[in-house]
Amino acid sequence: MGVLGFTVKRFDTFFHIKNKFRRQISCVYTQNRGLSSDYTNNDSILPVLIVGAGPVGLVLSVLLTKLGVKCAVLERSTTFSKHPQAHFINNRSMEVFRKLDGLAEEIQRSQPPVELWRKFIYCTSLTGSVIGSVDHMQTQDFDHISSPVSVAHFSQYKLNALLIKQLEAIGFTICGHEGLNHRHLAEREILMGHSCISAEPNNNFINVTTSSVKEGKHIENQIPCRFLVGADGAGSTVRNLVGIEMRGEKDIQKLVSVHFLSRELGQYLMYEKPGMLFFIFNPGAIGVLVAHDLKQGEFILQMPFYPPQQKFEDFTSETCKGLIFKLVGRELADINVVDIKPWVMHAEVAEKYLACDNRIILAGDAAHRFPPAGGFGMNTGIQDAHNLAWKLAAIIKGIAPVSILPTYEMERRPIAIFNTDLSIQNFQAAMAVPAALGLDPATANSVHQVINNTVGSILPSTIQKTLLDGIFSLGRAQLSDFVLNENNPLGSSRLAKVRRIFEEGKSLQLQFPAEDLGFRYREGALVPEIDSEGAPVKPEPPTGRRREYIPSADPGSRLPHMNVKLLSEVKKEVIISTLDLISGDKLEFLLIIAPIDSSYRLALTVLKVANEHNISVKVCVMWPNGSVNGDARTNTSLAPWENYVDVVEVRQPSNSSSWWDICKMTHRGAILVRPDDHIAWRVKSAVVGDIRVEMKRVFSTILGL
Ligand SMILES: Cc1cc2nc3c(=O)[nH]c(=O)nc-3n(C[C@H](O)[C@H](O)[C@H](O)COP(=O)(O)OP(=O)(O)OC[C@H]3O[C@@H](n4cnc5c(N)ncnc54)[C@H](O)[C@@H]3O)c2cc1C
């Protein structure tokens, strides 16, 4: 978060690492240069190689494996990072996790209770006075009307550990050097300690070179793959290798992230002022504390810094402890500083997501990097993986041509651009409180720039640093009790301003239901609809404020959630979400219809056309609330096809709308849902004209046949 700064040195070492990669590749194909001839044997070519075992690479590998696609992961680090970064998992990501063998449930069980993280707290010190607090959870966040699951607060490294557990359960092994001993990387392996350093496409495959260090020696290995996914984070090597540029705002702020443990602080906050984020403003220090887990006493402190006057090296463990004590308002006996890392905040999206005839693909932070305001980074990446997995599976299983892949970029890039704008707006909202307190972070950045541009080349760095520190401490003096109190006219007007920001919901927001569940693809692997004027519907511009989700069955939207009861289960009552009707383990479309003759006829045609194209489709017959029997009618109407499910609506007491009302359609309509829960096509009432011709057009459009 952007707040006034401190000290430190040699920032450049960390942020301007030279591109040490040997060359940027072009997409001119080579013959199988220097590769053993068995690489031309398809069995030794991995269908998908994922670079990066961060949350995005790991989620993608689980999704692909569940869909029956052989893949492996390459990871530069020798161990998994324990530095907590992301911690807010949004609703849509939790829905994706619900289909990963109990992952969502495990996160819910393991995360801290919501009472401990629902608030953001603004204070002068952690043990001092509270300027204000904002509760980010509302009743509807728990009522499960919009979604079968709620958002979660769970550290990224703990999520990665659960994903690894999932991968191991489906047959993955984690290996290092022993893993590639004169053999090819096999499917279901995570190869640690190996960096991707080049990727050369030829006619048959992409030859990926990895570099690792064994007993002090650099070793290179070759891994041939059909598709290469760069899920290798914000500084993506894969992106650099294919020469894809980032577009947007670079270097918005440089920060230091201090990972520390203190049960003493955790216990204190748990009982005195529980919260997820603490914005601390005092004359000695300013920072944002992220309480990853109060019970365990696990925290991250984020502080801005201003190189070259301030240097990263100055943030020693001891300095950080001192700063933490100032922010806490007292010393902590059990503090343990685990790790200190610099990072740079950008707001950028890759100019394209695909390269080399769609065979090299970017996902996650490799494709977009946002300010972490609103927690869109990891969540957007997880949804990239969800969008990409079924498309790769469709290609590898021969159901769709490679030309379906541009729909990945068409769908996901606009979402990343939108989320970038939303994160910037939310970041600016975060700045409103310090600005109201007399600490405009924009001023801090300007002061820093003025020093760099004027005295930067004349004065010795120690004097520049003293100058900057002096100006910053003058700024922080605004936060002294002397100024910031109700009896001081300036302090009281500033505090009133801050209160207004909270009351009007104009401070940093945590939740964005309209964008979280309501994001919609406008074009791509779907049959778009046009509005009454014949123009494509435009998304509402981001506001940086919480807006509620409105269910929609427009093509490109996520299928609305409603609880339904399985009619086939006569002995026990089985209630599931409409989202559960879409299989996570099978590449299958879902057609939802009402039990009426014209819709059964439509379903029969859909099943026949899909079968001709080798596409699996399940039919869901949605019976109105109160129906008790349906199977016999569906069985006869759809014979000889058996891939169907009869369900009955379970209306919520607070929301008595029928399924078709929620979808703003008549019951004569039908909805075709993709394997990633997004609506590919729908007809609001009956299909006009030849159903077979229409359905052939629909599948051809969706899959790019
Ligand atoms: C302070 C902070 C707070 C955040 N909070 C949130 C939040 O609450 N919610 C949210 O959604 N997001 C948040 N984010 C963003 C989130 O952390 C990132 O979006 C997320 O880590 C992206 O995941 P990824 O898998 O794309 O990349 P990464 O997590 O960066 O993983 C990339 C992996 O690739 C490996 N790699 C890199 N280069 C190579 C190579 N050449 N060869 C092999 N392997 C390589 C790396 O070692 C790494 O393991 C936050 C970020 C920060 C900095």
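The values are calculated or read from the model by the stated rules, or taken from the named source; none is laboratory data. Predicted model only: the values in this text are computed from it and were never measured. Heads up, the Cβs are rebuilt from the backbone with ideal geometry, glycines too, and the neighbour counts pull from every protein chain shown.
Below, the figures for the structure above:
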{"read-out": "Residues located in segment 101-123, provided they are touching a residue at least 12 places away in the same chain (Cβ under 8 Å) and among the charged types (D, E, K, R)", "value": "ASP101, GLU106, GLU115, ARG118, LYS119"}
{"read-out": "Residue list for segment 352-376, restricted to those being under 26 Å from ASN204 (Cα atoms) and near the ligand (Cβ under 10 Å from one of its atoms)", "value": "LEU362, ALA363, ALA366, ALA367"}
{"read-out": "Residues located in segment 49-75, provided they are more than 17 Å from THR210 (Cβ to Cβ) and either at pLDDT below 95 or part of a helix (DSSP H, G or I) (or both)", "value": "PRO55, VAL56, LEU58, VAL59, LEU60, VAL62, LEU63, LEU64, THR65, LYS66"}
{"read-out": "Top-ranked residue of segment 90-104 - restricted to ones that are outside any helix (DSSP H, G or I) and under 14 Å from LEU163 (Cα atoms), ranked as nearest to the ligand (Cβ to nearest atom)", "value": "LEU100"}
{"read-out": "Test result for ILE164, within 13 Å of the ligand (Cβ to nearest atom), outside any strand (DSSP E or B) and within 23 Å of MET378 (Cα to Cα)", "value": "yes"}
{"read-out": "Filter result (in contact with a Ser or Thr (Cβ under 8 Å, 6 or more places away or on another chain) and buried (at least 24 other Cβ atoms within 10 Å of the Cβ)) within segment 350-363", "value": "LEU362"}
{"read-out": "Scope segment 624-646; condition over 35 Å from the mean Cα position of the chain (by Cα) and among the aromatic types (Phe, Trp, Tyr); matching residues", "value": "TRP641"}
{"read-out": "Failed item, numbered, when ILE107 is tested on (1) out of contact with any Gly (no Cβ under 8 Å at 6 or more places or on another chain); (2) more than 14 Å from the ligand (Cβ to nearest atom); (3) at pLDDT 95 or above", "value": "(2)"}
{"read-out": "Residue match in segment 408-415 (condition: more than 13 Å from the ligand (Cβ to nearest atom) and among the hydroxyl-bearing types (Ser, Thr, Tyr))", "value": "yes"}
{"read-out": "Given (1) within 16 Å of the ligand (Cβ to nearest atom); (2) assigned to a helix (DSSP H, G or I); (3) in contact with a Gly (Cβ under 7 Å, 6 or more places away or on another chain); (4) among the aliphatic types (A, V, I, L, M), number of the condition VAL349 does not satisfy", "value": "(2)"}
{"read-out": "Inter-residue pairs, beta-carbon under 8 Å, first closer than 18 Å to VAL59 by Cβ and in segment 344-370, second basic (Lys, Arg) and buried (at least 24 other Cβ atoms within 10 Å of the Cβ), 6+ apart", "value": "TYR353/ARG412; LEU362/ARG239; ALA366/ARG239; ALA367/ARG239; ALA367/ARG412"}
{"read-out": "Test: residue in segment 664-676 that is over 17 Å from VAL527 (Cβ atoms) and not charged (D, E, K, R)", "value": "yes"}
{"read-out": "Test: residue in segment 642-662 that is touching a helix residue (DSSP H, G or I) at 6+ places or on another chain (Cβ under 7 Å), farther than 26 Å from VAL96 by Cα and not β-branched (Val, Ile, Thr)", "value": "no"}
